[in-house]
Amino acid sequence: MLELQNISWSTPDGRRVLDDVSLAIGDSGLVAITGPNGGGKTTLAKIIAGIDRPESGRILLDGCDITDLDVTERARRGISYAFQQPVRFKGLTVRDLLGIASPEPLDEAGLCMLLSKVGLCAKDYVDRDVDASLSGGEIKRIEIATVLARRTKLSIFDEPEAGIDLWSFAGLIDAFSELKASGGTEIIISHQERILSIADRIIVIENGRVKEDGNGHDVLGHILHPQRCPSCPAGLKEAFHE
Amino acid sequence: MNERTEEILKIVSDWKASSCDAYSIREDGKGIAIRSSQHIRIVPKKDRPGLDIFVDDGTKGERLAIPACVTHGGIDDLVYNDFHIGKDCSIDIEAGCGVHAEHGEAARHNGIHHFIIGDGSYVRYIEKHIGLGKGIAKRSIDPVTSAEIGNGSTLEIDSVQLGGVSQAKRTTRATVASSGSFVVHERILTNGDDRAITEFSVDLNGDGSSVDIVSRSVARDESHQAYHSVIKGNARCSGHSECDAIITEHGTVSATPQLDANDIDASLIHEAAIGKIAGEQLLKLRTFGLTEEEAEEKIIMGFLK
Ligand SMILES: Nc1ncnc2c1ncn2[C@@H]1O[C@H](COP(=O)(O)OP(=O)(O)O)[C@@H](O)[C@H]1O
Ligand SMILES: [Mg+2]
């Protein structure tokens, strides 16, 4: 469904961040992308969503070349992206934001269902502004809820675990499992073992290249027990337990 | 009441005779409907245009509406309204204003409102302003609002200028006695080559008094806005003012806050942020499938809501 062909991207000052990355991601399932900080995961997500433009390479969605389509067009074709750093808005409430994200009008029950999936109680949150008054964990959950609200065929979540407390975490795992069961494709960038453990496939990105790519169970085994995987980079294990 | 007045009233006031206890409707410089209630007496002034409004001690939950409409050019409406509010009241006052002008002569409304608020009262003052009519005629609204806020009383002003007002000079002054508070939420939208100036001057005179001014503005096209506030802390008090502005196209905004701490226990804060819409906000809404223009509209409407 999604195909990245030879994608490269450099910072404005010329440092190579993604180096000839090629990946094909199927029509369903949960793909986790992991790897050390600064490896290029967020950049890759932004390139898929159309926020950053690759300096070379092509992106295909369902066989269609979308490399030159902008963010809006890609969103309309079914790509959603929950930012690593959620954006704050003075004056837009949780209700407003989820209402804009959702393809159809949201009633109270719909809002309540979405917020409960990310562990928030609707009545406490719907009328709050999505601004600096929300904590990091709260805004992160709302960010996740905006993507759940869109129900697109491809949903990308960038480190959804950041700032989320342990108590809510199980609920979040359920939400990702449920989304997977509903038939779409999820790409979750994560360092969290519990998220990696529900992935059908894990891709390790390091220094802008695909270091490992395989079925979830195998790759997770390598990550947790690097001594059993001679090809795995030393120190990778630490990256998942920071 | 003429059709334009009806149109203006729909926008600036959800005025209905049935939902108000007392009201006075002003059209093109003349009172066209007036009703007092048992506890709110509206008395036209004898010496100059305007009203004296008396609210009895202990009046609770009543609603007063005093919308004013200027429906064509060539009218310069100046009105003095004085609100004498008793002790231990809790009331809502709605003061919408619309000016309509097309080509030719200017239309102006200048409402000079003075509040004297007795001890222990709560007053919510809601003000919506709009300019209507195609064409280049000048439409101005220059409100002057002053208030003496009594011990333990609160005046809450919620005002919004919805656009189309070519020239506005808003002046708001208040003195606040012990444990009194003054709360202002102001939103101003300018477009075309509109000019809007808003000036606040607040004296916190009593221990435990406070003021909180939040002014949000959006200056689009070639329009210009200026914000100026002076908060004087003359006792043990707290003051906060905040000016947030979004500029688009060639809009310009200037903000000059002034804080005077005249007492060792005065605690005063000002925040100001002016700039174009953050690129990441536009991007976020575009990831929902909105175009850049649609995203800008949502952000601005939310900001001014
Ligand atoms: N716009 C940018 N300007 C400069 N450096 C950038 C920019 N975007 C990303 N980078 C750099 O690219 C590298 C990869 O970043 P990122 O994709 O966010 O990594 P990850 O998500 O894997 O932690 C980092 O070193 C980061 O500082
Ligand atoms: Mg990242």
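The values are calculated or read from the model by the stated rules, or taken from the named source; none is laboratory data. This is a predicted model, so every value here is computed, not measured. Don't worry about glycine lacking a Cβ; one is built from the backbone with ideal geometry, like all the others, and counts go over all protein chains shown. The protein model used for the area step is the full one, side chains on, heavy atoms only, and it has no ligands, DNA or RNA in it. Shrake-Rupley method; radii C 1.70, N 1.55, O 1.52, S 1.80 Å.
Before moving on, here are some points about what is shown:
- Highest-MSF residue in chain A out of A:THR185, A:THR34, A:THR11 [GNM, Cα springs under 10 Å]: A:THR11
- A 1.4 Å probe over all protein chains sorts B:ARG220, A:ARG53 by accessible area into A:ARG53, B:ARG220, starting with the largest.
- Among the residues of region B:277-305, those with an accessible-area drop of 30 Å² or more from chain alone to full protein complex, heavy atoms and 1.4 Å probe, are B:GLU280, B:GLN281, B:LEU283, B:LYS284, B:LEU285, B:ARG286, B:THR287, B:PHE288, B:GLY289, B:LYS298, B:LYS305.
- Annotation: amide H of A:ASP52 within the under-5 Å range of A:ILE47, sequence separation 5 or more or interchain, hydrogens built in the peptide plane.
- Cross-link partners of A:LYS46 among lysines, defined as those whose alpha carbon lies under 19 angstrom from its own and excluding same-chain residues fewer than eight positions apart: A:LYS140, A:LYS153, B:LYS284.
- MRE, 222 nm, helices only [DSSP H, n ≥ 4, -39500 (n - 2.57), over chain A, to nearest 500]: -9500 deg cm²/dmol
- Rounded FRET efficiency, nearest 0.05, which uses the C-beta distance separating B:VAL230 from B:ILE34 and R0 of 30 Å: 0.25
- GluC sites (Glu not before Pro) restricted to region A:1-109 and DSSP loop, no more than 14 other C-beta within 10 Å: A:GLU55
- Within region B:113-212, the trypsin sites (Lys or Arg not before Pro) that combine a DSSP coil assignment with at most 10 other C-beta atoms in a 10 angstrom radius are B:LYS134.
- Shielding by partners for peptide A:141-153, expressed as the average number of C-beta atoms from other protein chains within 10 Å of each residue's C-beta, is 1.
- All-pairs alpha carbon distance profile, chain B, 20 Å steps from 0, percent: 33, 57, 11, 0
- Rounded to the nearest 20, the size of the Cβ-charge dipole of the protein assembly as shown about its Cα centre is 320 debye, with Lys and Arg at +1 and Asp and Glu at -1.
- Couplings for region A:146-156, taken from phi via the Karplus curve 6.51 cos²θ - 1.76 cosθ + 1.60 with θ = phi - 60°, read 4, 6, 4, 5, 6, 6, 8, 6, 10, 10, 10 Hz in order; Gly and Pro are left as x.
- For chain B, the mean residue ellipticity at 222 nm estimated from helices alone is -3000 deg cm²/dmol, where every DSSP H run of n ≥ 4 contributes -39500 (n - 2.57) and the total is divided by all residues, rounded to the nearest 500.
- In Å², nearest 10: area of B:LEU162 left accessible to a 1.4 Å probe: 70 Å²
- Remark on B:GLY118: its backbone amide H falls under 5 Å from those of B:ILE85, B:GLY86, a criterion applied only to residues 5 or more positions apart or on other chains, H modelled at 1.01 Å from N.
- Inter-centroid distance (Cα atoms) of region B:227-253 relative to region A:73-140, Å: 30 Å
- A simple count of charges around B:GLN167, restricted to other residues whose Cβ falls under 12 Å of its Cβ and scoring Lys, Arg +1 and Asp, Glu -1, yields +3.
- The phi-based Karplus calculation (6.51 cos²θ - 1.76 cosθ + 1.60; θ = phi - 60°) puts the 3J(HN,Hα) values of region B:80-91 at 10, 10, 10, 10, 9, 10, x, 7, 6, 9, 8, 9 Hz, whole numbers, x for Gly and Pro.
- Comparing Cα centroids, region B:105-156 and region A:154-173 end up 48 angstrom apart.
- Euclidean distance between Cα centres, region B:196-214 to region A:7-64, Å: 52 Å
- In the protein assembly as shown, taking the dipole from charged Cβ atoms about the Cα centre, the farthest positive-side position among B:THR198, B:GLY73, B:LEU51 is held by B:GLY73.
- Greater than 29 Å apart at Cα, pairs in B:LYS30/B:LYS305; B:LYS45/B:LYS128; B:LYS10/B:LYS60: B:LYS30/B:LYS305
- Scattering from the protein assembly as shown was approximated by placing one identical point on each alpha carbon and applying the Debye formula without solvent; log10 I(q)/I(0) at 0.09 1/Å stands at -0.79.
- For region B:3-303, a simple Cβ point-charge model (Lys and Arg +1, Asp and Glu -1, everything else neutral) yields a dipole of about 480 debye relative to the Cα centre.
- With the charge dipole of chain B set up from +1 on Lys and Arg Cβ and -1 on Asp and Glu Cβ about the Cα centre, the Cα lying farthest toward the positive end among the listed residues B:LEU132, B:ALA255, B:VAL211 is that of B:LEU132.
- Placing unit charges on the Cβ atoms only, positive for Lys and Arg and negative for Asp and Glu, gives chain A a dipole magnitude near 80 debye about its Cα centre.
- Solvent-accessible area per residue in region B:3-303 equals 40 Å², computed with a 1.4 angstrom probe and all protein chains kept.
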